[in-house]
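Everything below concerns the one structure shown next.
The values are calculated or read from the model by the stated rules, or taken from the named source; none is laboratory data. It should be emphasised that the depicted structure is a prediction, and the values quoted were computed from it without experimental measurement. Here the Cβ positions follow ideal geometry from the backbone for every residue, glycine too, while neighbour counts run over all protein chains shown.
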């Protein structure tokens, strides 16, 4: 008979069972992430287990964000992000995942300013049935032709430089994020995305790291980290890869907003953002009201 287990991520045997399900459903697991020390204790799985096998799972991630409001005041928000929602094929359509999410909400609702998740397109109706409501983000973009004079194109990869990797990881923990809405406890998730260092570059002249990749003629700039504030515009001027348009995976600071075009974004072909607890006057309404984007490296 299946039993509910929760908050067990540091139990090696149970985590191995969770890895088996994540590999079969999503094609990844947490083995290397844990082995390299990237787990910071902010990921809490809730699962139905039977005879050592995980049948279904939903997890809540503790997400602490800093938001700079118009006028310069910075406030902190703590949300619960629901993720890794999955059920083994033979056990689907039995209400297992829904019961886990309801348990998460009951257990942890008092700990967070609200909940959100990034839904697969086929699961939109499922999350609506649990009380989640769609929320629209806003994405910033800039054409290269509008950048003006280019700087020295000196960003270089760090994937084979262990010393630069150590500096980068230190900045992921403690550095300046150079955005208006950033995750304070970002180390675990950012290293989940960049732990192979394939998208991480350093600029000696700017003393900063930039995480980016290209999609055709579009540059996707996910993160800019440094010890002191650095201009995202200057970063874009010094990236050597050719591009027609740059899309930011974060919300630029107020002083740089005038340079960018802001477009409502619903997740395109990848996801739909849903929130719970975003009634009038609560902080989750700021996502739409302040034209924000959850950083792409904060997606669980």
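To keep it simple, each residue is scored yes or no on (1) part of a helix (DSSP H, G or I); (2) in contact (Cβ under 8 Å) with a residue 60 or more places away in the chain.
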residue: 21; (1), (2): yes, yes
residue: 47; (1), (2): no, no
residue: 60; (1), (2): no, no
residue: 66; (1), (2): no, yes
residue: 84; (1), (2): no, yes
Unmet requirement for residue 169, which otherwise passes all of (1) outside the structural domain of residue 60 (by TED's automatic domain parsing); (2) in contact with a strand residue (DSSP E or B) (Cβ under 9 Å, 6 or more places away or on another chain); (3) modelled with pLDDT of 95 or more: (2)
Test result for residue 12, farther than 30 Å from residue 286 by Cα, without any contact (Cβ under 8 Å) to a residue 12 or more places away in the chain and buried (at least 17 other Cβ atoms within 10 Å of the Cβ): no
Candidates 218, 245, filtered to the one that is surrounded by fewer than 20 Cβ atoms within 10 Å (Cβ to Cβ), assigned by TED's automatic domain parsing to the domain that holds residue 181, more than 20 Å from residue 170 (Cα to Cα) and in contact with a helix residue (DSSP H, G or I) (Cβ under 8 Å, 6 or more places away or on another chain): 245
Top-ranked residue of segment 99-122 - restricted to ones that are over 24 Å from residue 2 (Cα atoms) and surrounded by fewer than 16 Cβ atoms within 10 Å (Cβ to Cβ), ranked as nearest to the chain's Cα centre (by Cα): 120
Members of segment 88-122 that are within 26 Å of residue 64 (Cα to Cα), touching a helix residue (DSSP H, G or I) at 6+ places or on another chain (Cβ under 9 Å) and free of Cβ contacts under 8 Å to residues at least 40 places away in the same chain: 98
So residue 272, is it touching a helix residue (DSSP H, G or I) at 6+ places or on another chain (Cβ under 9 Å) and in the same structural domain as residue 42 (by TED's automatic domain parsing): yes
Residue in segment 54-69 that is touching a strand residue (DSSP E or B) at 6+ places or on another chain (Cβ under 7 Å), surrounded by fewer than 14 Cβ atoms within 10 Å (Cβ to Cβ), assigned by TED's automatic domain parsing to the domain that holds residue 283 and modelled with pLDDT under 95 present: yes
Single residue of segment 180-198 satisfying the filter (assigned to a loop (DSSP other than H, G, I, E, B) and touching a helix residue (DSSP H, G or I) at 6+ places or on another chain (Cβ under 8 Å)) that is farthest from residue 36 (Cα to Cα): 180
Selected residue (criterion: farthest from residue 68 (Cα to Cα)) from residues of segment 145-177 that are in contact (Cβ under 8 Å) with a residue 40 or more places away in the chain and under 16 Å from the mean Cα position of the chain (by Cα): 172
Among (1) over 22 Å from the mean Cα position of the chain (by Cα); (2) surrounded by fewer than 13 Cβ atoms within 10 Å (Cβ to Cβ), the one test that residue 48 misses: (2)
Count of segment 221-237 residues which are under 30 Å from residue 31 (Cβ atoms) and buried (at least 22 other Cβ atoms within 10 Å of the Cβ): 4
